[in-house]
Amino acid sequence: MPYYFFDGQDFKVMLVGAANLLGQVRTEIDNLNVFPVPDGDTGTNIYLTLLSGVKEMQSLATSSLGAVAEAFARGCLLGARGNSGVILSQIVRGFADALSGKERAGVHELARAFSLGTEYAYCAVDNPVEGTILTVCRAISQATLEASVKTRDLLRVIIYTYRQAQQALDYTPELLPVLKEAGVVDAGGKGLVVILEGIIQALEDLAVKKDIQLFDLAAFQQRQFAPSRKAILSAEIDYTYCTEFVLVGQNIPLETLKKELAPYGDCLLVVGNEKTAKIHIHSNHPGLVLECGLKYGSLRSVEINNMEEQYLEWKRSPKEEKQPLGIVAVGPGEGLNAILESLGANVVVDGGPTMNPSAQDLATAIKSVKADIVIVLPNNSNILLAAEQAVQIAGRSARVIPSVTVPQGIAALMAFNPCSSLMENLSKMTEVMKKVKTGEITRAAKDSHINGWKIREGDYLGLVEGQVVTCGSDLAEVLQQTLKEMIEENSSLVTLYFGGDLSTLEAESFTEAMRRRFPEVDFELYYGGQPLYQFIISVE
């Protein structure tokens, strides 16, 4: 049965189908990671990003295509994880912009959406590399345009596009030698191909009017970052309840809403647009406030707090003064997180085993810092794009220092001077972190060939600046060879942060052996608590 047009409800089903399939094969995509490290997680990042968008759009009752696409894009933006997730969120943003205001769409609108999504994806990356998710995205855009000239049947167009995308994916090792050596295709590109495959399955189901339920949505646990906060209130409280909510509708009259809410309290804030508005007010009648909002749409993220109780709690707590500069850092484990805090980070976001907090996690952390300007230290190359996106979401003055390792972040924090200006700190912190060499010791998650090394699953890997420099079954030998690659004539200090289930006694034993092997440098040992990595190494 031909399928010529899709509306918002059809779009929901298509994206649920994509999420279903992606959820089932995300581990397979994770395993395509070029480096056989145990935290390869491209599939999981794309899945969580897509899932965040699906959850956002499912809350809409409307079948308006433009509204559904906008909600989906907003959810993907907030839930973007890792570079692959951020790029996907930009592809989706292109879709939303192309479908804005439309009730339904056909193959020509679909071609426009993929074209704009591809344009946004390339713009999101400073130095686009072919053989990656970008290459597959461009192939999808070109194929959709070609097919839309020949037929109006959506299913036929997407099947053709899927086949072209698969060919582009299969060709990625020819464009990127590291993929060819490892014997894999690009993981991000594979994620896009799976999304198309899921959409095809959903379109087939739509053609026979099958009902699709979202796969394992509730079972997949996501980390939620919720920083603690203290309300700073005046001693005299005229209105007891701080009432906040998001109002979602079609034609929200912002100015009318302000006038209607004004009599209910003070500190009124109504911001947003005709489709999504954020409302904040201090009132003694939160129920009336919510009823007023319900006249113009549905309520989301409702939060009502008793400010008298908050004030009493605040009086019992030490008072915090607002600082000129604050810092948000990402850490991989309890020991390193504590070190980052001790060096002056106001908030440390726990990156967990994969070091991939979402853009929303980071934005929440940025907003929680009591400072005029916030400096963000991602401390992982896979968080850079999410951090930049978080700054935009947070809606306040913040800057990202592109630290790509935890040792770089620590060095930057040690150079931070709260009495200096923002520009002075940015310059000094960036300069200092570039002088730090970073190494890591972990275990191979799979058999692999990379950088000329034949790696077996379970081998210890020595990495320097993300590149494999040695491997083997003996941890002490791998640690020694890694340090040999890192220590130079002018090196003076080696710092080892141990984790990966090593005990303190084991870590001390390895450190003492390295002191004997490299007597020309000083060694320091700290508990890092990072999962998966036996050692994170800093050489200065």
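Structural remarks
- Residue check for ASN451: more than 27 Å from the chain's Cα centre (by Cα), closer than 30 Å to VAL374 by Cβ and of a type in the set (S, T, N, Q): no
Yes/no per residue for (1) more than 32 Å from the chain's Cα centre (by Cα); (2) part of a helix (DSSP H, G or I):
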| residue | (1), (2) |
| --- | --- |
| LYS484 | yes, yes |
| GLU489 | yes, no |
| ASP501 | no, no |
| SER509 | yes, yes |
| GLU520 | yes, no |
| PHE523 | yes, no |
| PRO531 | no, no |
| GLN534 | no, no |
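- Condition met for ALA411 (farther than 24 Å from TYR120 by Cβ, in a helix (DSSP H, G or I) and either in contact (Cβ under 8 Å) with a residue 60 or more places away in the chain or aliphatic (A, V, I, L, M) (or both)): yes
- Any chance PHE35 is in the same structural domain as PRO177 (by TED's automatic domain parsing), among the aromatic types (Phe, Trp, Tyr) and at pLDDT 85 or above: no
- Filtered by the rule that a residue be part of a helix (DSSP H, G or I) and acidic (Asp, Glu), the stretch 136-154 gives a lone residue, GLU146.
- Subset tally (residues that are under 24 Å from GLY85 (Cα atoms) and touching a residue at least 60 places away in the same chain (Cβ under 8 Å)) for the stretch 329-361: 18
- Residue check, VAL86 at pLDDT 85 or above, closer than 29 Å to PRO332 by Cβ, surrounded by fewer than 22 Cβ atoms within 10 Å (Cβ to Cβ) and out of contact with any strand residue (DSSP E or B) (no Cβ under 6 Å at 6 or more places or on another chain): no
The values are calculated or read from the model by the stated rules, or taken from the named source; none is laboratory data. These numbers were taken from a predicted model, which means no experiment stands behind them. When we count neighbours, we look across all protein chains shown, and the Cβ atoms used for this are built from the backbone with ideal geometry, even at glycine.
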